[in-house]
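Take a look at the structure below.
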Amino acid sequence: MDLIKTVRTYVEKMITQTSGMKILLLDADTTPVVSVVTTQSTLLEKETYLVDRVDNRQRDKMKHLKCVCFVRPTADSIQALVDELRDPRYSKYYLFFSNTLKKSMIERLAEVDQHEVVQEVQEFFADYIAVNPDLFSLNMIAPRNPIYADTVHEWDPRALQRTTEGLMGVLLSLKRKPLIRYERMSAMAKKLGEELNYAMHQEPQLFDLQPADTPPILLLVDRRNDPVTPLLLQWTYQAMVHEILGINNGRVDMSGVPDIQPDLKEIVLSVDQDPFFRKFMFSNWGDLGASIKEYADEYQRQHKSTMRIESVQDMKRFVEEYPEFRKLSGNVSKHVTLVGELYRLQLAYKLLEVSELEQNLACNESHASDLRALEKMIADPKIREENKLRLTLLYALRYEKSGNNSIQQLVELLQHQGISDHKTTLIAAVLAFTGADQRQGDLFQNQDIFARGRNVLKGLKAKNVFTRHEPLLAQTLDQILKGRLKDVDYPFVQGGSRDRPQEVIVFFVGGATYAEARLVSQLNASTPGVRVVLGGTNVINSASFLDEIQDVADRVPGTGRLTRRPSAHRRSGNWR
Amino acid sequence: MTTRNRTPLFLQYRLSYGHGDSSHLSRAQTLVSDAAERAGLMANAADMDGADGTATVIEMSVLPPQWVDLMEEINEDMDSIRSKVSELDELHRRQLLPGLDEGVRYERDIERKQAEITSSFRHCQQKIKRIGSSTGRGGGPDAAAADEDERLGRNVRTALATRLQEMSSAFRRKQTGFLQKLKQREARTKGLLFESTLESGEGDAASSAFTKDQIALVDDATEAIQRRDHEIQEISRSISDLANIFQDLQTMVIDQGTLLDRIDYHIEQVHTSTRGAVEELDKAEHYQKRTRKTKLILLLILIIIGLIIIIIFKPRRGAVEEPPATPAVPATPELPIADRVLSLDIGPDVP
């Protein structure tokens, strides 16, 4: 169940099936799918000398090339193909689709293929972006592909279709026919489960797989049940880069870094091709600093020996070691620059202080001291607006139900600091969409005395102040793997099983985080015989999570408005 | 890794749309004509080749670019290099067999093979370079070329360069390995030689002269050393030759793990460059329009000037003509008319 390998095998199969010079045509959806698993040099090696978009109408006629085409079966892409086949530019066409084709689509393509250039029509189910070996994303981002319709309980119809197809792709590419479970409180997870179940039954021959001893589980969970994890600053490499700079299909935009070299303006962080990143993507900040120093030292050593050219011998050695050295040098400068930038931002925006308070808010209950610290932070001009807002959100989520909370005062304080009304309305919106009434389970473990006790114990166990918080998914996975996840809270869409599952695919409606990816990866490494794969409508950070909520809030009038001052005796319904 | 083949269904549909047989005919026809055409061209090219060894260039968008032949040549060359390298391997192995004094036999072979391989590498590299230049129009690796042919050529060149580089580095590694083993052996022979001379020197210390046998032995040994020395120098030279080739190739290959190795980056590049091209075209059109406009304006201005001149000249002509006309023809007949009119006008009023 290695997602990167699976998708890469699909792509390689596509381009090695046909020999000779060829062009690879992709569409907007498949470009990132292919880009994250393979490289230009691999394509060149396989005689694929050109890559282009199928909807680029300005391609030249090149009859000496064959054409391998890999697209999603969307209306746009089919139309582009229809236009292409009417007036073929290349000698032969091999069509690959990332999902099931409707008969009408095949018919339409057959109709326009008057030149009989199409050699093959195949369905290859690489319909998701393989971010890590055990993490996939469907890249659905708020303003362009919103997942919510007008409320957070309803799917945008296009998004629902895309998600269903994406998950079909995951299941088919991994050859799994799972039992589907969903989170009780989430209407969207339920809807998705039903849709997917229906779709699976529509394609019986595709899902005609050998039944496993214990059926794998597809667990559909809702981001709104754990709004805290995406709001926290994580101190592990991959998660931290995504939170602070943003990773977009494995690429990081560094153009905002002061005095950046031109060739480092945009860098690639690939789990697959970058050995340093693969090794340290889940390392925490402290360890990372040490390893990057070691890495740089190694480079220095090699640099010295490589640069010392006194004899013919040295020259020979240089030539031999040069390619390796060059690769190393590129990689070292990339990571040193990246970590350097993170360090700079951490100092400039006092991220350590911010994070400490974040962790306090997420893990411990101590209202008076939290409030004092938060007020101080809000007044601090060095701390960025986003961080102030995030802290206030965490405060609001934790003390939402405690009578004497000061959310209102904090909002005023934020406004006093020049944060726009539009941004502060987010606090009410987050509470309305992901507040305690929307969640199931006890996220903060503060609702009964036993949970509180456990929480205190856990607090004592943790070593590092900045990594105390554990995503809710940790508990859920622990329970499901032990076969203890309650059917009432996580019902099956169809059927049921009391067995302990060996394989679990977790899918987050509303986006997964790299913190959860780390958790899953560590779980896979530490528990033999168990394999968990994580996915989401997107891989989010705090900014994209809040954007998504803001997007819905803007569409629904009144969500972000404060209705009345929170009063001590009202335990709920302060916010509408 | 589920896949589903929809080709049969597609073919069935295609057949049902009826452009099965009709197009088969037309296709066959085009095939025939194509073949005929191609045959002619090939013969032509062969003739030309026979005549002066240059390939003919046919400028047709449907035909593959000129360098495709070159590419095939390079591929063949690489195959031959590969086989030569394995032959050389065999020779190396035999040369290094212990206790073999007749290494001289293989030595020549090895030298020759090495020279051959190195020169094939150089040839290949030169040919690869030509792929870049023959797509031409001055597109270096940095030029943001919108032209697809050029992009294709550049990518082919990169691919070939990468492959050649891999091969050359493997070859170099082999040679270095062989060289090391050779040196070890040389050191051993030297030691042996030294020992044996010492021994013989001690033995005949009194006579302080070498026997003929000993002299022969020393001569043999020096010859061997010289030979080895020569061998080593040869190899070193070939290595440094390769190093040059290598450095040249390095500029052509893609650094792995960089943005340049990303597929989406390349697609974006194409888009920005096509967009750039479109913009340029728009601009060009704009300029053209502007020149057309300016031409029109110029023409209009000219016409206006012309008209003005005419206007200026016409009245003048009139004026020039009039003055002579006025003195020539007495104005008297006109005045009376006015007078008459006046008188006519006044006439009814006054009474």
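The values are calculated or read from the model by the stated rules, or taken from the named source; none is laboratory data. Note that the structure is a prediction, hence the values are computed from the model and not measured. All Cβ positions, even for glycine, are placed from backbone atoms using ideal geometry, and neighbour counts span all protein chains on display. To get the accessible areas, we keep the full protein, side chains included, count just its heavy atoms, and leave off ligands, DNA and RNA. Shrake-Rupley method; radii C 1.70, N 1.55, O 1.52, S 1.80 Å.
Tabulated data for the structure shown
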| quantity | calculated |
| --- | --- |
| Helix-only CD estimate at 222 nm, as mean residue ellipticity for chain A, using -39500 (n - 2.57) per DSSP H run (n ≥ 4) | -15000 deg cm²/dmol |
| Entries in A:Lys61/A:Lys102; B:Lys129/B:Lys181; A:Lys46/B:Lys181; A:Lys327/B:Lys174 that, when Cα-Cα distance is taken, lie over 26 Å | A:Lys61/A:Lys102; B:Lys129/B:Lys181; A:Lys46/B:Lys181 |
| Where only C-alpha atoms are counted, convex hull volume of region A:3-124 per residue in Å³ | 92 |
| With every protein chain in place, region A:3-124: carbon and sulfur % of accessible area (1.4 Å) | 42 |
| Extended-chain gain in nm, criterion 0.36 nm per residue less alpha-carbon gap, A:Glu356 and A:Gln494 | 45.3 nm |
| Partners for A:Lys486 among lysines (Cα-Cα distance below 20 Å; same-chain residues under 8 apart left out) | A:Lys190, A:Lys191 |
| Charge-dipole axis of region A:3-124 as Lys and Arg at +1 and Asp and Glu at -1 on Cβ define it, positive-most pick from A:Gln17, A:Ser91, A:Gln58 | A:Gln17 |
| Solvent-accessible heavy-atom area per residue, rounded to whole Å², over region A:343-418 at 1.4 Å | 42 |
| Span-rule helices in chain A, defined as complete DSSP H runs reaching 15 Å or more along the axis (Cα) with Kyte mean at least 0.5 | A:421-434 |
| Average accessible area per residue (Å²) across region A:3-124 - probe 1.4 Å, nucleic acids and ligands excluded | 31 |
| Apportionment of accessible area to carbon and sulfur, region A:179-236, percent (1.4 Å) | 47 |
| Estimated dipole of chain A in Debye, rounded to 20 [Cβ of Lys and Arg +1, of Asp and Glu -1, Cα centre] | 1040 |
| Label point distance in nm, B:Ile308-A:His422, each placed 7 Å from Cα along Cα→Cβ | 5.6 |
| Rounded accessible area of B:Ile305 (nearest 10 Å², 1.4 Å probe) | 80 |
| Between region A:200-225 and region A:483-524, the Cα center-to-center distance that results, in Å | 12 |
| Where B meets A: accessible area buried, both sides, 1.4 Å probe, Å² | 6300 |
| Within 10 Å of each Cβ in A:101-107, the average number of Cβ atoms from other chains | 3 |
| Candidate lysines - alpha carbon under 30 Å from B:Lys293, same-chain residues fewer than 8 apart omitted | B:Lys283 |
| Carbon + sulfur, % of accessible area of region A:237-348 - ligands and nucleic acids excluded, 1.4 Å | 52 |
| Under 23 Å from the Cα of A:Lys423 - lysines, other chains or at least 8 residues apart | A:Lys350, A:Lys376, A:Lys382, A:Lys388, A:Lys401 |
| Interface residues in region A:241-272 - accessible area drops by 50 Å² or more relative to the isolated chain, probe 1.4 Å | A:Arg251, A:Val268 |
| Solvent-accessible area of A:Ser333 with every protein chain in place, 1.4 Å probe, in Å² to the nearest 10 | 50 |
| For region A:237-348, with +1 on Lys and Arg beta carbons and -1 on Asp and Glu, the positive-most of A:His242, A:Ile260, A:Asn331 along the dipole | A:Asn331 |
| At least 20 Å² of accessible area lost relative to the chain alone, listed for region A:323-352 with a 1.4 Å probe | A:Pro323, A:Arg326, A:Lys327 |
